[in-house]
Amino acid sequence: MSSSSLQDESSFLQWQQVAITLAAAISSVLSLTGSGVIAYMAAQRRYSVKYRLLLALSVADIINSTVFLLWPLPIPVDTPGVWGAVGNRQTCNMQGFFLQLGILGSFYNAALSGYFMLTLCDRMTEKQITQRYELVTHAFSILWSAGTAAVALWPLDLYSVCALGCWIAPEPLRCHHRDGVECVRNNRAYMYVWLFTGIPLLLCLAFIMVTMVRIYYTVKAVSQRADRITFSASVERLAVPTTTDNTKNNNKSNNIDINGNGNGSGDTADKTKNKTVQQKSRYAIRVQETAMQALLYVAAYIVTHLFAFLCVIIEQAGGTNPFFYDLSGKFNVAPARIF
């Protein structure tokens with residue numbers, strides 16, 4: 001008996017399976033297009049830490065989108081509920097490897113949030129971030145993603161069919177909750193799911209939330225300072241001067257230097273103050289825009305990982321594949337990252 005024949009029957013009709021497969025392909029093409037454009041733009045600006053991180057994130061998105069574009073093909077033939085499955089055990093392992101490798105994007109989402117926190121909250125320069133954090137970030141992200149993907153392939157041999165395609169799962173799927181069905185292999189698959197992927201992704205999410213809280217309070221403080229400065233400058237301009245003030249102002253403006261030229265010290269001071277106010281306002285606007293960009297990255301992280309988490313949790317509880325399982329990781333949120 002083949003391993004695919006041990007899988008439980010799907011609740012989807014054939015036309016629904018076809019629709020799901022086509023929807024996955026279409027959304028993956030859109031995601032690939034957006035990620036490709038961003039990767040090209042980031043490569044042109046790779047002298048900046050932010051764009052190097054964004055380039056790495058786009059590469060991870062391309063890997064994930066490619067996996068889901070072709071997701072039915074590597075799945076073993078005759079697997080119930082999967083239209084277009086023409087693969088075998090080897091192709092299933094290959095898909096599982098690249099799907100696990102795709103968690104690289106989660107680490108770079110967290111790294112981008114850290115970059116925004118360091119630049120906005122700690123006022124660190126690009127050079128300081130490069131020297132202290134960038135190499136460690138790249139090394140850990142790549143080694144963990146590639147290392148767990150390789151270990152899950154060999155020697156643990158964890159890849160099997162699940163709602164996301166071929167990934168870390170017991171064989172047959174949901175064997176723990178099906179009467180009369182014994183697990184052929186991967187009895188502890190879900191433990192490795194959480195160890196290799198679940199816990200790291202939750203830690204990334206927690207780190208991102210911490211950075212967002214810090215950024216929020218920094219933006220709030222900067223905006224309040226800018227508002228106070230702007231308000232004070234406005235009050236000074238609108239205030240009605242007294243007679244004494246008028247006399248002093250006239251004396252300042254009418255001062256004659258040794259060459260007979262107007263001194264103009266009062267006008268110069270006013271211009272300097274106005275310039276300072278404008279600079280503070282522009283800085284506050286830049287901080288707010290950067291914070292909004294960071295928030296969009298967080299939204300992208302949550303949207304692209306929420307459904308995958310739900311799928312895995314539902315499967316562990318013994319539930320059947322939810323109708324949205326093909327949507328995991330394929331929301332085309334990439335254009336928001338161009339902000």
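The string of couplings for segment 209-220 from the Karplus curve (6.51, -1.76, 1.60, θ = phi - 60°) is 5, 4, 5, 5, 5, 4, 5, 4, 5, 5, 4, 4 Hz, one whole number per residue in order, with x for Gly and Pro. When Rg and the Kirkwood radius Rh are both evaluated on Cα atoms of segment 69-212, their ratio Rg/Rh stands at 1.10. Run through segment 11-60 and list the trypsin sites (Lys or Arg not before Pro) located in a DSSP loop whose Cβ has at most 16 other Cβ atoms within 10 Å. Here the trypsin sites (Lys or Arg not before Pro) that fit, given the DSSP loop and packing criteria, are ARG45, ARG46. A cut-off of 5 Å between modelled amide H atoms, ignoring neighbours fewer than 5 places along the same chain, links CYS162 with TRP167.
Computed from the C-beta positions of SER223 and ALA317, the FRET efficiency with R₀ = 51 Å rounds to 0.70.
Normalized C-alpha radius of gyration of segment 11-80, against 2.2 N^0.38 Å?
Taking N as the residue count of segment 11-80, the ratio is 1.45.
In terms of packing, defined here as the mean over residues of other Cβ atoms within 10 angstrom, the peptides 209-217, 24-32, 177-185, 63-71 line up highest first as 63-71, 24-32, 209-217, 177-185. Expressed in units of 2.2 N^0.38 Å, where N is the residue count, the Cα radius of gyration of segment 1-131 is 1.39.
Near the amide H of LEU173, within less than 5 Å, lie the amide hydrogens of ASP8, all on another chain or at least 5 residues away, with H placed in the peptide plane.
FYI, it's all coordinate maths here, none of it is from the lab. What you see is a predicted model; the values in this text were computed from it and never measured. Virtual Cβ from ideal backbone geometry, glycine too; neighbours counted across all protein chains shown.
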